[in-house]
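Read-outs throughout are calculated quantities, based only on the coordinates presented, and are distinct from any laboratory measurement. In this text, all values refer to a predicted model and were calculated from it rather than measured experimentally. Glycine also receives a Cβ, built like all others from the backbone with ideal geometry; neighbour counts cover every protein chain displayed.
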Amino acid sequence: MFDFSLVRLSFAFALVLLLFQALNVQAGEKALPPSHTVERGDTLWDIARIHGVSVSDLQKINGIEGSKILVGQKLRLRTTPEHNHIVERGDSLWEIAHAYGMTVKELKKINVMTSDRIYPGQKLELGAWSSMRLETYTVKKGDYLARIARLHQMSVSEIKKLNGMRTSVIYPGQELKVNPILRKSHELSAITEIPWDDLMASSAGLKRIPAGNGPYYGQRPKANQQPNLGYYEGPPTSVTRNYRQARKLWLAFDREITRLGKLSDRLMGWHFVLDPGHGGLDPGAVVENLDGNGNKIYVVEDEYVYDLALRVYVMLRLHGAEVTMTLISPNHIIRRSNPPVRSFVNEKNEVYNNAEFNKINRWSNWPNGGPEGNLLRRVAISRKVCEKAPKNRCVFLSFHADIDHSAPEAPLVLYYESRNGRRVDSVSRNFSSIILPALGAGARARGQNLGVLRNNPARIKVVLELRNLAYIDHAWALRFEQLRQRDAEKVVRGMLNYVEQTN
Ligand SMILES: [Zn+2]
């Protein structure tokens, strides 16, 4: 599917191109952003004026008829000139290189770059590699062109032109040429072809219940999707029985991973503790989002970061690492998102992955949030793992996608720093700075006094806010399994970079 080697039919509207060339700056400086996310109160005219483009160009590039735009909608401000890639938030250099069939070294050389850091809006020259490899996307029921375009970082006009389409009408089963989702790489190419369905097979006597946003192994959630902010299902009556079921499912999943074999031994000897930041009674952030028709849908942080952590789990294991989860679910492992509007339901059924904590059937044994919560059990699980791990090779990663209105729309890595700033976990700070380029354009790191990091015996311990649910676009992205997989691969790539640089 990835072997199409057609010359990318890129084109530019004269005004946009001229404007872009006028603003074309050296690598490292800020350029005109590639897109604008519609905020409450924005009109098409405002957006055109702010960015110095014409309304008719905005309409053409984004396939908009009339002036209706939706809050949270991402409008592309220009088409990508041929032989170039315009960096979007979240793109990372290695992804771009591999998507175009280049090495990072080649890409850096062409662009006279000395570091791997890139910036949103930056224009990268692709040189002779501009004949981009296209992917084929098969239209699913309920798809619409703007969504497909957005998923593949294209404008509606680009996708129409590339496929010789006159209208935006598409039909299920139709094959469209699209840009590759930027996540192919040499090391991970085998992983993107992981037989996910085998990993989600029924085993250990558990019946697999298929679902577009599943599969499930206990029972399918009663609601089809998260219907409002406060909805939840569970918790089951017995934390003890729930834990037994979760372990059974977990061991079956783990056996399937072992059966896949290994991609490398690069993380041999490393021990990881992966911590989905919420779960059990605590769903984390729950936000409202919109589907393509402007209907409300709801995104629950803990359900999505669990999926992300599991994807990281699989890949770390395939690179030879020992990995332990702090929380596990009795009802599902990795889940598909088909269609993405069927958002995951807030199920209060995750338990701490430790027999001790589930021995007694007591309400307070469910994972919970808040200041009186049992958050420190995560640190206790970390301690148990790190005691047995080789010194310096124990890593604790906590996965989040919280709401932070004061933080930018980019991944954030948090390491421990005491309130007065006197004590700083410098090993984790150094780790953070090394993994940032892999996390993509705009990623940042800073210190914070967090309970889950304080007194955590792991040599490296960080909180990864991979998405910021204050941004409608990030809530949107979490709903797509392709993009969750992309986020997970960034984390693994960052880890591999770290091991390479510090060995
Ligand atoms: Zn969180």
Relative contact order (percent, whole number), region 224-502, Cα cutoff 8 Å, 6+ residue spacing: 24
Ordering of 424-431, 322-329 by packing [mean C-beta count within 10 Å, highest first]: 322-329, 424-431
If eta is 1.567 mPa s and T is 4 °C, what Stokes-Einstein diffusion coefficient results for region 362-425, Kirkwood Rh from Cα pairs, in µm²/s? 87
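If you average 1/r over all unlike Cα pairs in region 308-405 and invert the result, what Kirkwood radius do you get in angstrom? Write down the numbers at each step before the final one.
Details: mean 1/r = 0.0636 Å⁻¹.
Hydrodynamic radius (Kirkwood, Cα only) of region 308-405 equals 15.7 Å.
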Could you list, in their original order, any pairs among Lys161/Lys490; Lys177/Lys262; Lys109/Lys262; Lys123/Lys177; Lys207/Lys359; Lys359/Lys384 whose Cα atoms are separated by more than 29 Å? Lys161/Lys490; Lys177/Lys262; Lys109/Lys262
Length added when fully stretched, Glu356-Arg446, from 0.36 nm per residue minus Cα-Cα: 29.0 nm
For a quick check: sort Arg454, Arg393 by the number of other beta carbons within 10 angstrom, fewest at the front. Arg454, Arg393
I need to check one value: relative contact order of the chain, counting alpha carbon pairs closer than 8 Å and at least 6 residues apart, in percent. 15
Between the modelled labels at Asp404 and Asn228 (7 Å from Cα along Cα→Cβ) the distance in nm is 3.1
Going residue by residue through region 330-345, the Karplus relation 6.51 cos²θ - 1.76 cosθ + 1.60 with θ = phi - 60° gives ³J(HN,Hα) values, rounded to whole Hz and with x marking Gly or Pro, of x, 10, 7, 10, 5, 10, 7, 9, 9, x, x, 6, 7, 5, 5, 7
Cleavage-rule hits (trypsin sites (Lys or Arg not before Pro)) in region 60-102: DSSP loop, at most 10 neighbouring Cβ within 10 angstrom: Lys68
Averaging over all projection directions, find the projected area of the Cα convex hull of the chain and quote it in nm² with one decimal place. 23.2
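Can you give the Kirkwood hydrodynamic radius of region 224-502 from its Cα pairs, in Å with one decimal? Walk me through the numbers before you get to the answer.
Values: mean 1/r = 0.0528 Å⁻¹.
Here the Kirkwood hydrodynamic radius works out to 18.9 Å.
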Would you list Glu135, Glu301 from fewest to most Cβ contacts within 10 Å? Glu135, Glu301
Residues Ile50 and Arg255, FRET efficiency given R0 of 51 Å [Cβ-Cβ distance, rounded to 0.05]: 0.40
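Please give the FRET efficiency for Glu175 paired with Arg117, using the beta carbon to beta carbon distance and R0 = 45 Å, rounded to the nearest 0.05.
0.75
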Starting from the Cα of Asn293, step 7 Å along the direction of its Cβ; do the same at Asn392; then give the gap between the two resulting points in nm. 5.9
Likely footprinting exposure, Phe253, Phe396, fewest C-beta neighbours within 10 Å first: Phe253, Phe396
Projected label distance in nm at Thr167 and Arg423, using a 7 Å step from Cα toward the beta-carbon: 6.7
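State the dimensionless ratio Rg/Rh of region 184-315 (Rg: radius of gyration of Cα atoms; Rh: Kirkwood radius). Don't skip to the end; give the middle numbers.
Details: Rg = 16.9 Å, Rh = 17.2 Å.
Rounded to two decimals, Rg over Rh is 0.98.
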